[in-house]
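The values are calculated or read from the model by the stated rules, or taken from the named source; none is laboratory data. What you see is a predicted model, and the numbers here were worked out from it, not measured in a lab. So basically every Cβ, Gly included, is an ideal-geometry build from the backbone, and we count neighbours across all protein chains shown. Side chains are part of the model used for accessible areas, which takes the heavy atoms of the whole protein and leaves out ligands, DNA and RNA. Shrake-Rupley method; radii C 1.70, N 1.55, O 1.52, S 1.80 Å.
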Amino acid sequence: MEKFVIKGSKALRGEINISGAKNAAVAILPATILAKGVFNIENVPDIRDINSMLEILEAMGAEVVYTNRSTVRIDTRNINFKAVPYEQTKNLRASYYLLGALLGMYNHAKVAMPGGCNFGGVRPIDLHLKGFSALGAIISTDGGMIKAKAQKLIGNSIYFDKVSVGATINVMLAAVKARGITVIENAAREPHIVDVANFLNLMGADIKGAGTDVIRIHGVSELHACNYSIIPDQIEAGTYMVAAAATKGDLLIKNVIPKHLEPITAKLRECGAIVEEFDDSIRVYATGRLHGCNIKTMPHPGFPTDMQPQFTVLLSLCEGISIVTDSVWDNRFRYVDQLTRMGAQIQIEGKAAIVQGSAVLKGAPVKADDLRAGAAMIIAGLCAKGTTEIEDIIHIDRGYEDVVKKLTDVGASIARMDFPNSASLLNKRA
Ligand code: EPZ
């Protein structure tokens, strides 16, 4: 079994380069299905979710070639839409974007129900399906597969009762070649929504308003291949920003768009950390004592839910009591059990976590419950006294490129180690 082994209490100092945005790339790659041609896409992160999506496209007949570590060439001219591989798609949450892309291109899609992070109970896609139905698709489920079929997709107005990143992007993918105008109201406004819209417009789509809560899509008859560079990953950057403050270090985080990081910057400053913004980099350091603050996660431009676990680790080290509320996902506090094993004092009350500050974290065997919970455990291990072993690091590899190298280069003592025969230490102790 592979684990991360971290020797804590080391301040992070130096420079970290941020990779391409996972949550933009997992939508942009399947969006290539919407046109026949050769795409060159840069700043593609080398992480599990992206490699899974590229394998799915290859299984469907696309030719995928890495021209360098972060640039991929995709030739979609031989894609066969009936060949969506069941096994790979059911394990990847973002495989639901194949529904929107196939529906948009062929008026027909059949994709496995999506997998992905296991927090918040079942991850519903009712809003995605509501959007497809509004465009005239008939939806059915059959043996773990979702089917969507339409004679012709017709533009329509769609109001989302809840702000949904996935549903917003999926309706954009389905509507770009629909007849007439589609208006999405109460749309998600995340940076990756804008990136997907920019990519589709470069393919010849006509999308206006991405980044606001009303997106207008005027259907076009044809789209074409294009070259594109994916935006930097807001959450990877935020994770290292929090790690800098939590370890009382000093990091220059490069290849970022500071505007995308504003909610994280604001909260770090509220805790007393220093954040300096430059054109495409951001410096975070903490010298004095840090004090807690309250966090309520909201859709962008609010504080991102994908930063909630990482920030809670920082708050457990700050002075004073903090309250963390996640208004996006129910029950995204599973990682608190692991954090408590390391000495954090956190009480879960319904949708909120009451964080007692000034914890002295001690290294322990813990596990990564999901992608961002795993990132939180890394930050906790970096700050703890002694050694922390993190299991189930496959979750972390889904979304953080070269995490060991990036952290080692700024002074962390972290290694990926294989324990071939060790049963889970956690089970032994259970
Ligand atoms: C995306 O998930 C991200 N994943 C998540 O990041 C992120 O937490 C989430 O957006 C919110 O920002 C990808 O982009 C691949 P939603 P998504 O639809 O699209 C409810 C990470 O760490 N909802 O915005 O699945 C849902 O239950 C991952 O990178 C419905 O009720 O999230 C949730 O409460 C974890 N019905 C809320 O809306 C639906 O049809 C927001 O979900 C869809 C969503």
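Annotations for the structure displayed:
- Test: residue in the stretch 282-289 that is assigned by TED's automatic domain parsing to the domain that holds VAL403, touching a strand residue (DSSP E or B) at 6+ places or on another chain (Cβ under 8 Å) and in a helix (DSSP H, G or I): no
- Contacts under 7 angstrom Cβ, first residue in the stretch 384-404 being open to solvent by 30 Å² or more (accessible area, probe 1.4 Å), partner within 13 Å of the ligand (Cβ to nearest atom) and acidic (Asp, Glu), 6 or more apart: HIS395/ASP370; ARG398/ASP49
- Yes/no for VAL328 being aliphatic (A, V, I, L, M), in a loop (DSSP other than H, G, I, E, B) and either within 15 Å of the ligand (Cβ to nearest atom) or more than 20 Å from GLU236 (Cα to Cα) (or both): yes
- Any hit, the stretch 339-359, residues being open to solvent by 40 Å² or more (accessible area, probe 1.4 Å) and in contact (Cβ under 8 Å) with a residue 60 or more places away in the chain: no
- Condition met for ILE139 (within 16 Å of the ligand (Cβ to nearest atom), open to solvent by 10 Å² or more (accessible area, probe 1.4 Å) and over 23 Å from ILE215 (Cα atoms)): yes
- Odd one out for MET307, checked against (1) within 16 Å of the ligand (Cβ to nearest atom); (2) open to solvent by less than 20 Å² (accessible area, probe 1.4 Å); (3) touching a strand residue (DSSP E or B) at 6+ places or on another chain (Cβ under 6 Å): (3)
- Count of residues meeting criterion [within 15 Å of ASP126 (Cα to Cα) and within 12 Å of the ligand (Cβ to nearest atom)] in the stretch 159-186: 12
- Of the residues making up the stretch 268-288, those that are within 17 Å of THR312 (Cα to Cα) and open to solvent by 40 Å² or more (accessible area, probe 1.4 Å) are ARG269, GLU270.
- Any hit, the stretch 153-170, residues being more than 23 Å from the chain's Cα centre (by Cα) and closer than 17 Å to LEU98 by Cβ: yes
- Just one residue in the set VAL176, VAL163 is at pLDDT 95 or above, more than 30 Å from PHE303 (Cβ to Cβ) and aliphatic (A, V, I, L, M); that residue is VAL176.
- Elements of the type strands (runs of 3 or more DSSP E) sitting completely within the stretch 10-96 and holding at least 2 residues that are more than 16 Å from the ligand (Cβ to nearest atom) and in the same structural domain as GLY386 (by TED's automatic domain parsing): these cover 13-17.
- Taking every residue in the stretch 263-285 that is at positive phi and pairing it with any residue that is surrounded by fewer than 19 Cβ atoms within 10 Å (Cβ to Cβ) and outside any loop (DSSP other than H, G, I, E, B), at least 6 positions away or on another chain, the pairs with Cβ-Cβ distances below 7 Å are GLY272/HIS291.
- If you go through the stretch 344-381 and keep only what is outside any strand (DSSP E or B), away from the ligand (no atom under 16 Å from the Cβ), of a type in the set (A, V, I, L, M) and in contact with a Lys or Arg (Cβ under 9 Å, 6 or more places away or on another chain), you end up with VAL360, LEU361, ALA364.
- Search result, residues across the stretch 166-206 that are part of a helix (DSSP H, G or I) and over 14 Å from PHE132 (Cα atoms): PRO191, HIS192, ILE193, VAL194, ASP195, VAL196, ALA197, ASN198, PHE199, LEU200, ASN201, LEU202
- Considering LEU29, LEU92, the condition of being crowded, with 16+ Cβ neighbours inside 10 Å and modelled with pLDDT of 95 or more is satisfied by LEU29 alone.
- Which listed residue is in the same structural domain as ALA246 (by TED's automatic domain parsing) and under 25 Å from the mean Cα position of the chain (by Cα), from GLU401, GLU349: GLU401
Matching residues to (1) open to solvent by 20 Å² or more (accessible area, probe 1.4 Å); (2) among the hydroxyl-bearing types (Ser, Thr, Tyr); (3) within 20 Å of ILE56 (Cβ to Cβ):
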| position | (1), (2), (3) |
| --- | --- |
| LEU103 | no, no, yes |
| MET113 | yes, no, yes |
| ILE154 | yes, no, no |
| ALA188 | no, no, no |
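- Which listed residue, of GLY249, GLY219, is away from the ligand (no atom under 16 Å from the Cβ), assigned by TED's automatic domain parsing to the domain that holds ALA175, of a type in the set (Gly, Ala, Ser) and touching a residue at least 12 places away in the same chain (Cβ under 8 Å): GLY219
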